[in-house]
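These notes are about the structure you will find just below.
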Number of protein chains: 2
Amino acid sequence: MKRSEIREAQRRTAAFLHAGGIVLTQQEIEAIEVAGFGLGQLEVQGLQLITYVNTDRYCAKELVMFPGQTCPEHLHPPVGGDPGKMETFRCRAGSVFLYVEGKPAPAIQVIVPADGEPYYTVFHEIVLHPGEQYTIQPGVKHWFQAGAEGAVISEFSSTSRDEFDIFTDPRIERIPVIREDE
Amino acid sequence: MKRSEIREAQRRTAAFLHAGGIVLTQQEIEAIEVAGFGLGQLEVQGLQLITYVNTDRYCAKELVMFPGQTCPEHLHPPVGGDPGKMETFRCRAGSVFLYVEGKPAPAIQVIVPADGEPYYTVFHEIVLHPGEQYTIQPGVKHWFQAGAEGAVISEFSSTSRDEFDIFTDPRIERIPVIREDE
């Protein structure tokens, strides 16, 4: 992703949070992580993240999704003595369609991103509206898509080690190189 | 505290959060913890808590304080193999004056509750406005008071075991008996 695209997504994320009454410091706005997963289609498969705190004991983030944006399927494996990240998603605004391992829904309510279709394999559906939450156990494959108004999700979890996440789509780079604008 | 007082504080807490754009489910509203610490003066020394999740790995709560309300001085000791609760306070709305061990402020900006004065002993001052946060290390004594508009504080932490908290004021009961109304 180019630096200019990242800046624009950061600006849009901060505006989205501001509208929902969530305040960030200027330093936090500049540190918003814009994850395009190296796929070059941020609006389709992408996610914006604000990490409030990540210690060796716990982590808290705000996840922001633009309307219809999808975070691709992945899992959090054990790392050293850690059994893998356990995470609780709490919907704060908008809505989110979350898919995890388990009994698949007869017909899911969202459309899988066409470009990544073979790499979406779990279809047990959980729909979260503001005030609703769900805890994802370590090692469980999951992916999620925002509803038509986008979504703000508070993520409460054990320590986050994103660089170890395992994505189903082998093309994905969790932390790709940023290209400076020419 | 009487059941009716608790219900009224729950109602007020939910309204306060609602005004700040934070949505709770009906079940969560009914489970709001109203902590008066057995001192019988909730408006002076008291705190309202919503526990979103508390696993053996992490915990997340929303703390709500009415204008000028104070959470009395306490610390989180080691419990079994756990080194003690580590917690990050993130101010979401209003303002909070937080006091921890360390170099005392020459003159603190709030008034210590008269009734509990001998039991406030740490005066290193941190002031948090929306978007600002501070992490309290395990075993460190701390207390905090809301500003004139009250406060909403997201607490991200390691596992919470409130029943082991050590309060400076020996009169305090962290989890007192609720009296039914006559």
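Give me the accessible area per residue for region A:38-182, probe 1.4 Å, as a whole number in Å².
41 Å²
Sorting B:D169, A:D115 by accessible area (1.4 Å probe), largest first, what list results?
A:D115, B:D169
Could you give the dipole magnitude of chain B about its Cα centre, charging the beta-carbon of Lys and Arg +1 and that of Asp and Glu -1, in debye to the nearest 20?
For chain B, the charge dipole is close to 300 debye.
Taking H as built 1.01 Å from N, whose amide H comes closer than 5 Å to the amide H of A:V79, not counting residues under 5 places away?
A:G84
With a cut-off of 8 Å between alpha carbons and a minimum separation of six or more residues, what is the relative contact order of chain A in percent?
31 percent
Considering only protein heavy atoms and a 1.4 Å probe, what is the carbon-and-sulfur percentage of the accessible area of region A:40-172?
C and S atoms contribute 56 percent here.
Using θ = phi - 60° and the Karplus relation 6.51 cos²θ - 1.76 cosθ + 1.60, list the HN-Hα couplings for region A:103-118 in order, rounded to whole Hz, with x at every Gly or Pro.
Using θ = phi - 60°, the values come out as 4, x, 5, x, 8, 6, 8, 10, 9, 5, x, 4, 5, x, 2, x Hz.
Under the convention of a label 7 Å out along Cα→Cβ, give the distances in nm from A:R174 to the same position in every other copy, shortest first.
Computed spacing set for this position: 3.4 nm.
Taking 20 Å² as the minimum loss, tell me which residues in region A:103-143 lose that much accessible area going from the chain by itself to the full protein complex (1.4 Å probe).
Residues passing the criterion (a loss of at least 20 Å², heavy atoms only) are A:P130, A:G131, A:Q133.
Select from B:P72, B:T121, B:I136 the residue farthest towards the positive end of the dipole of region B:56-177; place +1 on Cβ of Lys and Arg, -1 on Cβ of Asp and Glu, and compute about the Cα centre.
With unit charges placed on the Cβ atoms, the residue in question is B:I136.
Mind telling me which of B:G81, B:G46, B:G36 comes out most flexible in a GNM of chain B, alpha-carbon contacts under 10 Å?
In this elastic network of chain B, the residue with the biggest mean-square fluctuation among B:G81, B:G46, B:G36 is B:G81.
Taking the Cα centre of region A:84-182 as origin, sum charge times position over the Cβ atoms of Lys and Arg (+1) and Asp and Glu (-1), and report the length of that vector in debye to the nearest 20.
Value, rounded to 20: 460 debye.
How many Å² of accessible surface get buried when A and B come together, counting both sides, probe radius 1.4 Å, rounded to the nearest 100?
That pair hides around 2300 Å² of surface in total.
Any residues in region A:79-96 that have 40 Å² or more less accessible area with all protein chains than in their chain alone, probe 1.4 Å, and which are they?
When all protein chains are present, A:M86, A:R90, A:R92 each give up 40 Å² or more of accessible surface.
Taking the Cα centre of region A:38-115 as origin and charging only Cβ (+1 Lys, Arg; -1 Asp, Glu), how large is the dipole, in debye to the nearest 20?
Approximately 260 debye in magnitude.
If each residue of separation counts as 0.36 nm, what is the full-extension length gain between B:V177 and B:R12 once their alpha-carbon separation is subtracted?
Here the segment from B:V177 to B:R12 would lengthen by 57.3 nm.
Going by the alpha-carbon gyration tensor, a ≥ b ≥ c the square roots of its eigenvalues, is region B:3-167 rounded (a/c under 1.5) or, if a/c is not under 1.5, prolate (a/b greater than b/c) versus oblate?
Judged from the Cα gyration tensor, region B:3-167 comes out rounded (a/c under 1.5).
Put simply, what bits of region A:156-178 lose 40 Å² or more of accessible area when the other protein chains are there, versus the chain on its own (1.4 Å probe)?
Residues losing area: A:F156.
From the phi of every residue in region B:170-182, what ³J(HN,Hα) in whole Hz does the Karplus formula 6.51 cos²θ - 1.76 cosθ + 1.60 yield, where θ is phi - 60° and glycine or proline is x?
x, 6, 6, 10, 5, 10, x, 6, 8, 9, 6, 5, 6
Mind listing the phi-derived Karplus ³J(HN,Hα) values for region A:66-83, rounded to whole Hz, using 6.51, -1.76 and 1.60 with θ = phi - 60°, and x for any glycine or proline?
6, x, x, 5, 10, 8, x, 4, 7, 9, 10, x, x, 10, x, x, 8, x
Over 20 Å between C-alpha atoms is what I'm after, so list which of B:K61/B:K85; B:K85/B:K141; A:K61/A:K85; A:K2/A:K85; A:K61/B:K141; A:K103/A:K141 land there.
Check vs 20 Å cut-off fails for A:K2/A:K85; A:K61/B:K141.
The values are calculated or read from the model by the stated rules, or taken from the named source; none is laboratory data. Since the structure is predicted, the reported quantities are computational estimates derived from the model, not experimental observations. Every residue, glycine as well, gets a Cβ built from its backbone with ideal geometry; the counts of neighbours run over all protein chains shown. Remember, those area values only see protein heavy atoms, side chains included, never the ligands or the DNA or RNA. Shrake-Rupley method; radii C 1.70, N 1.55, O 1.52, S 1.80 Å.
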